[in-house]
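The values are calculated or read from the model by the stated rules, or taken from the named source; none is laboratory data. All values reported here derive from a predicted model rather than from experimental measurement. Cβ sites come from the backbone with ideal geometry, for glycine too, and all protein chains shown count toward neighbours.
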Amino acid sequence: MKASQQGSTFERHLANPRTLIFVTSNHPQSGRREVLLLKGSAHKRLWSGLYNGLGGHVEVGEDILSAAERELAEESGLTDVALHLRGVVHIDTREAGKGAQPGVLIFVFCGHTTERTIKPSAEGTPEWIPVDGLVNLPLVDDLFELLPQMLDASAPMVYAHYAADDSATIQFHFRTAEPPTPGPPANL
């Protein structure tokens, strides 16, 4: 199929793809489970001083997993982490009366590592944070709901939709879906 046959028009929702990554590790001395978060640098337009996962934009010609691996390496120095897709978040950025606008589609990945050496980046400072201490941190607002679902490896895939209500406050809506029961391989 040609690109022109895909039916992408501004009458339908268009979205910019991004990645969001949460990597866990066990603290070497205490054994406590920790998650790698990025404290936004002071110069950031969004989330300055707040903790978020690592990640960012998908570059032209790049697949989603490669983008997540690249962002993780750029923002932390970690390069050998097996990442797994755990969620998809659709952010509807439309504002009342402004017509169609591109949204954001975030692919959320999780992984685990024993490598604890990390490096800062221009985006902020990566930090290993004890999972049991997350509630006391200045997190990006959706992480209070999203992060517990991402850190539970036995939980089903998460699908989320974020959109502004009538007061322009972003509302978070989460759904989960159990994976299908494996069946016989399909014959193509």
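Filtering segment 33-80 to residues that are out of contact with any helix residue (DSSP H, G or I) (no Cβ under 7 Å at 6 or more places or on another chain), of a type in the set (Lys, Arg) and either more than 19 Å from Gly124 (Cβ to Cβ) or part of a loop (DSSP other than H, G, I, E, B) (or both) leaves Lys44, Arg45. Of all the criteria given as (1) more than 11 Å from Pro17 (Cα to Cα); (2) out of contact with any helix residue (DSSP H, G or I) (no Cβ under 9 Å at 6 or more places or on another chain), the one not satisfied by Pro102 is (1).
Would you be able to tell me the number of residues in segment 145-160 that are part of a strand (DSSP E or B) and surrounded by fewer than 19 Cβ atoms within 10 Å (Cβ to Cβ)? Number satisfying all stated conditions: 2. Among the residues of segment 77-88, which ones are without any contact (Cβ under 8 Å) to a residue 60 or more places away in the chain and under 18 Å from Glu59 (Cβ atoms)? Result: Thr79, single match. Every condition in (1) modelled with pLDDT of 95 or more; (2) under 17 Å from the mean Cα position of the chain (by Cα); (3) small (Gly, Ala, Ser) holds for Ala160 except the one numbered (1). Among the residues making up segment 1-43, none is closer than 22 Å to Leu78 by Cα and at pLDDT below 70.
Could you identify the single residue in Asp166, Asp141, Asp132 that is of a type in the set (D, E, K, R) and at pLDDT 90 or above? Can you show your working first?
Values: Asp166 fails: at pLDDT 90 or above; Asp141 fails: at pLDDT 90 or above.
Just one listed residue meets the conditions, Asp132.
Which residue out of Ile118, Ile91 is in a loop (DSSP other than H, G, I, E, B), of a type in the set (Val, Ile, Thr) and surrounded by 15 or more Cβ atoms within 10 Å (Cβ to Cβ)?
Working: Ile91 fails: in a loop (DSSP other than H, G, I, E, B).
Result of the check over Ile118, Ile91: Ile118.
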